[in-house]
């Protein structure tokens, strides 16, 4: 039984799992915490804390450090929901620290590594508050941000599908939230599920502000009239990720060809902001010596 359970545990760098005896009691905070561990998954501990046990059981601080680090390494790890419940019940200072870190990240422009950190922290907060549709929405927005940046475009497929998953969760929790409904429909559109996008938007149309409503009505009308991108927008984002790779490898002619193929779809070019793409195109033209074309692309960026 124990060996089967150990095999199901998520391997995490610097983490070792401790299987406590059935009567193990997590206690701390001057008696304010008393959690019977029986039935819960093994406890993730920092490797140095595990080594320091020397036959004893982990104390309150060891368990808190280990759980927090495990969730920061992988908030989708096995046992994550249980570990988060322990944090919520026994470690209010850690929960407070999480909230503070998210607030700090929200207050500034962040690059991709910090965006990854934000996603992880939001996922932990969602584990702590699983009924909060706002957290699912913020996780989805962070994934969309990452999957739409040229600097991280290579992750566009995994990011947009992850965003759709979290938006679906937020939508199921609160279908009456106009922001959730609009962005869930947008994710369906990017994935090429146009009829589903139109259905979601149509159901939510009366929830939207007048300006938003006019925009969505135009998008729905375009879907019904067949005025949609020639391929799913996600395919174009994937193509752009290839162009970025080609440019990075010095194959600017190939990158130019890919970018121009993407820009030749008028519906996609109209519906998605492409300033960064034109700047990339201008850079590629510049590096191949086509200065007039580069100037025109830079002008449009």
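The condition (being out of contact with any helix residue (DSSP H, G or I) (no Cβ under 9 Å at 6 or more places or on another chain), modelled with pLDDT under 95 and either within 30 Å of residue 226 (Cβ to Cβ) or crowded, with 16+ Cβ neighbours inside 10 Å (or both)) is satisfied by just one residue among 273, 266: 266. Can you tell me which residue among 12, 105, 45, 71 is without any contact (Cβ under 8 Å) to a residue 40 or more places away in the chain, touching a strand residue (DSSP E or B) at 6+ places or on another chain (Cβ under 9 Å) and either outside any helix (DSSP H, G or I) or closer than 30 Å to residue 145 by Cβ (or both)? Answer to the selection: 45. Check residue 289 against each of (1) outside the structural domain of residue 154 (by TED's automatic domain parsing); (2) part of a helix (DSSP H, G or I); (3) free of Cβ contacts under 8 Å to residues at least 24 places away in the same chain and name the one condition it does not meet. All conditions pass for residue 289, except number (2). Among the residues of the range 187-242, write down those that are free of Cβ contacts under 8 Å to residues at least 40 places away in the same chain, closer than 19 Å to residue 264 by Cβ and touching a helix residue (DSSP H, G or I) at 6+ places or on another chain (Cβ under 8 Å). Residues satisfying the conditions are 228, 230, 236, 239, 242. Of the helices (runs of 4 or more DSSP H) lying entirely inside the range 132-229, the ones with 1 or more residues being at pLDDT below 95, outside the structural domain of residue 264 (by TED's automatic domain parsing) and over 15 Å from the mean Cα position of the chain (by Cα) are found at 156-173, 178-190, 194-204, 210-224. For the range 44-67, the condition holds for at least one residue, the condition being that it is within 22 Å of the chain's Cα centre (by Cα) and in the same structural domain as residue 12 (by TED's automatic domain parsing). Checked against the criterion of being touching a residue at least 60 places away in the same chain (Cβ under 8 Å), farther than 30 Å from residue 233 by Cα and outside the structural domain of residue 181 (by TED's automatic domain parsing), the range 81-98 has at least one qualifying residue.
The values are calculated or read from the model by the stated rules, or taken from the named source; none is laboratory data. Just so you know, these numbers come straight off a predicted model, no measurement behind them. With ideal geometry, Cβ positions are generated from the backbone for all residues, glycine too; neighbour counts draw on all protein chains shown.
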